[in-house]
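Working notes, structure below.
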Amino acid sequence: MRDFGAEIEQRKQAGLYRTRRLVSGPQKPELIADGKPLLSFCSNDYLGLANHAGNISALSEALPETGLGGAASHLVCGHHDAHHQLEQRLAEFTQRSSALFFSTGYMANLGVISALAGRGDTIFSDRLNHASIIDGCILSRAKVRRYAHGDVSSLEAMLAQTSGHKLVVTDGVFSMDGDIAPLKELARVCKAHDALLVVDDAHGIGVLGPQGRGSVLEAGLSEADVPVLIGTLGKAVGTSGAFVAGTEVLMDYLVQKARTYIYTTAMPPALAKATYASIDLIEQDDARRTHLQALIARFRAGAQELGYQLMPSYTPIQPIMVGDNHAALALSRALEEQGILVTAIRPPTVPEGEARLRVTLSAAHSEAQVDRLLKALARCRSLLPEQAVQEPVAV
Ligand SMILES: *Cc1c(COP(=O)(O)O)cnc(C)c1O
């Protein structure tokens, strides 16, 4: 018998043991975690919509109309008109022909990738892609070739050597680094080498681009340039679920082939109605994005002045590079002692030797809260390993 307990013990020794915090009350910057009030900089609720009064009432008003449970899969009798209207709304929001609603982003990636590539095909995947993309690639049984992060010329060389059906898949915004994929160049080489481009914009939808329409439209790319767009609804949109958007033929094909779409129960339809309300809000309200951008600039200037090493990111994902697993944990603990919650991200979520604190900002934060984080970081500066210290940047 495999010794599971011993494996857990090894993880603890390596600084890789993971635990869960118990949150009570709604998700917001002032979080109650394990019974303690903490100022949180770790959620993906980038626009502060996870606890928005309007969206909460959209849900409670929908419930008597739709009932609670999804009750069946979409292809049996679970496809409610609330789901259908949301799909149309998401297609319009992303300026695409049609969209298909999935229960989670994880399921969307598994289903879409394994439907669009199979045995004998080749998938090209950015080395820093999200775990759900990696798993979708494995599930597809296609040959998988990873290319160096954002390296379009090495991707192009690989594409040129490969024949048969080719799929290129990338995060729009990388979830642990916060940088954006070189989408224009990717679209160009995919066209030149007849490869199908799939972009997972989990962290771009709602945050980037005109009216929050995402990184693909921010780059000025259409459905012809990026045929498959995946977006999630549990992050900036503040509810739950995911979608894929593209041509009608492609969505029809996914309805036939995407097993994580076919063999799962439809989401509660009331949640689709609340998501619809949230999309309306995202489209109308630029103020949240403007405030968020100001907070990002404020945090970056302050942290760099303290000598912390940041990544080239202008998104709400602002990692502080540490390197060593134990040092990242120590820094996270020291912040927590000052009432601030920032999680340490360690391998295998990030490459070996690249442990970091993943700071995420939200439009729900105030400038004063960002200043509190910076003050706390100033006090913990000595915990940073030598090699992670950056020459302080005068701003
Ligand atoms: C969070 C995330 C997902 C998974 O989405 P869920 O709806 O949380 O399952 C997929 N892709 C990326 C890039 C993500 O960051």
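The values are calculated or read from the model by the stated rules, or taken from the named source; none is laboratory data. Since this is a predicted model, take the numbers as computed values, not measurements. So basically every Cβ, Gly included, is an ideal-geometry build from the backbone, and we count neighbours across all protein chains shown. Heavy atoms of the whole protein, side chains included, go into the accessibility calculation; ligands, DNA and RNA do not. Shrake-Rupley method; radii C 1.70, N 1.55, O 1.52, S 1.80 Å.
A few comments on the model shown:
- Using a probe of 1.4 angstrom and keeping all protein chains present, the accessible surface of the chain works out to 44 square angstrom per residue.
- Segment residue 149-residue 63, length gained on full extension (0.36 nm per residue, minus Cα span): 26.5 nm
- Accessible surface of residue 226 - all protein chains present, 1.4 Å probe, nearest 10 Å²: 0 Å²
- Annotation: the stretch 121-161 has a Kirkwood hydrodynamic radius of 10.5 angstrom, from the mean reciprocal C-alpha pair distance.
- Considering only the chain, percent of DSSP beta bridges that pair antiparallel, nearest 5: 55 percent
- Cβ-Cβ FRET estimate between residue 73 and residue 135, R0 fixed at 30 Å, reported to 0.05: 0.90
- For the set 379, 96, 21, 372, the ranking by accessible area, highest first and with no ligand, DNA or RNA atoms included, is 379, 372, 21, 96 under a 1.4 Å probe.
- Highest average packing first - 213-223, 280-290, Cβ atoms within 10 Å: 213-223, 280-290
- Per-residue surface analysis assigns residue 265 an accessible area of about 80 Å², computed on protein heavy atoms at 1.4 Å probe radius.
- The fraction of accessible area contributed by carbon and sulfur in the chain is 53 percent, rounded to a whole number (1.4 Å probe; ligands and nucleic acids excluded).
- Once the Cα gyration tensor of the stretch 277-351 is diagonalised, semi-axes √(5λ) in Å: 28, 15, 13
- Built amide H within the under 5 Å cut-off of residue 23, gap 5+: 34
- Gyration tensor over the Cα atoms of the chain: the corresponding equivalent ellipsoid has semi-axes (square roots of 5 times the eigenvalues, largest first) of 33, 27, 21 Å.
- Measuring with a 1.4 angstrom probe and ignoring ligands and nucleic acids, residue 352 comes out at about 140 Å² accessible.
- Stretchable slack from residue 18 to residue 337, in nm (0.36 nm times residue separation minus alpha-carbon distance): 113.0 nm
- Distance between modelled label sites at residue 162 and residue 263, nm, 7 Å Cα→Cβ extension: 2.6 nm
- Rg/Rg_globular for the stretch 16-116, with Rg_globular taken as 2.2 N^0.38 Å and Rg from C-alpha atoms: 1.38
- Ordering of 166-172, 8-14 by packing is 166-172, 8-14, highest average first (other Cβ atoms within 10 Å, averaged per residue).
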